[in-house]
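The values are calculated or read from the model by the stated rules, or taken from the named source; none is laboratory data. Note that the structure is a prediction, hence the values are computed from the model and not measured. Glycine also receives a Cβ, built like all others from the backbone with ideal geometry; neighbour counts cover every protein chain displayed.
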């Protein structure tokens, strides 16, 4: 059998190899490429402010959706922890946001369950997402973040249809790739 020469092999690389510092590299990249994430989540987002003060704390990205509602994004380039879960809730409540997106390189199943529970327990006006990010490349290509859903809303790839789905099945069925673009 002849080997295909135009098909490369997807390689997963450590996320910190691409984004050594979360605030300085990843959050800045997300701010500059928010439309890529928004497209994959099937929402319209525009960045209001990076590192927005919330009392003595700072939310990584404060955004607005197309209805003018606040959306908060909390980045964590390591395993999820209770500290970041608390931050997510603190920012959501204090900024009266309608959506919270937690981006992480390693979601714990316990935190997936919490996000699913929050979606089941809160009204239709509040949405929570847990999104896994990995760094990928093919051969000598530029790095590309690979986003997969961990918990949140989904039906047929549309995360905004408000049908609640458990997190574990989404990891195997929803793959959302975002490639780097130079600005």
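Residue by residue, here is whether (1) part of a helix (DSSP H, G or I); (2) at pLDDT below 90 holds:
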residue	(1), (2)
115	yes, no
132	no, no
137	no, no
149	no, yes
152	no, yes
156	no, yes
162	no, yes
180	no, yes
- Message: Is it the case, given these coordinates, that residue 85 is under 27 Å from residue 14 (Cβ atoms) and touching a residue at least 60 places away in the same chain (Cβ under 8 Å)?
- Response: no
- Identify the residue in region 45-66 that is touching a helix residue (DSSP H, G or I) at 6+ places or on another chain (Cβ under 6 Å) and over 19 Å from residue 85 (Cβ atoms) and, among all such residues, is surrounded by the most Cβ atoms within 10 Å (Cβ to Cβ). 45
- Item | Scan of region 90-136 for residues that are within 21 Å of residue 48 (Cα to Cα), out of contact with any strand residue (DSSP E or B) (no Cβ under 6 Å at 6 or more places or on another chain) and either free of Cβ contacts under 8 Å to residues at least 24 places away in the same chain or crowded, with 21+ Cβ neighbours inside 10 Å (or both), ordered by number | 93
- Query: Does residue 64 fit the bill of being assigned to a strand (DSSP E or B) and free of Cβ contacts under 8 Å to residues at least 24 places away in the same chain?
  - Reply: yes
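Of the residues 72, 12, 7, which is part of a strand (DSSP E or B) and surrounded by fewer than 18 Cβ atoms within 10 Å (Cβ to Cβ)?
Numbers: 72 fails: surrounded by fewer than 18 Cβ atoms within 10 Å (Cβ to Cβ); 7 fails: part of a strand (DSSP E or B).
Going through 72, 12, 7 in turn, the sole match is 12.
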- Message: Taking the conditions exactly as written (more than 13 Å from the chain's Cα centre (by Cα) and more than 19 Å from residue 143 (Cβ to Cβ)), does residue 86 satisfy them or not?
- Response: yes
- Evaluation of residue 36 against (1) at pLDDT 95 or above; (2) surrounded by 17 or more Cβ atoms within 10 Å (Cβ to Cβ) (one fails), failing number: (1)
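Report yes if some residue within region 66-74 is closer than 16 Å to residue 133 by Cα, in contact with a strand residue (DSSP E or B) (Cβ under 8 Å, 6 or more places away or on another chain) and modelled with pLDDT of 95 or more; otherwise report no. Step through it out loud before you land on a result.
In the first step, residues of region 66-74 are kept if they are closer than 16 Å to residue 133 by Cα; the result is 73-74.
Narrowing the set further to residues that are in contact with a strand residue (DSSP E or B) (Cβ under 8 Å, 6 or more places away or on another chain) leaves 73-74.
Okay, now just the ones that are also modelled with pLDDT of 95 or more, so 73-74.
Looking through region 66-74, at least one residue is closer than 16 Å to residue 133 by Cα, in contact with a strand residue (DSSP E or B) (Cβ under 8 Å, 6 or more places away or on another chain) and modelled with pLDDT of 95 or more.
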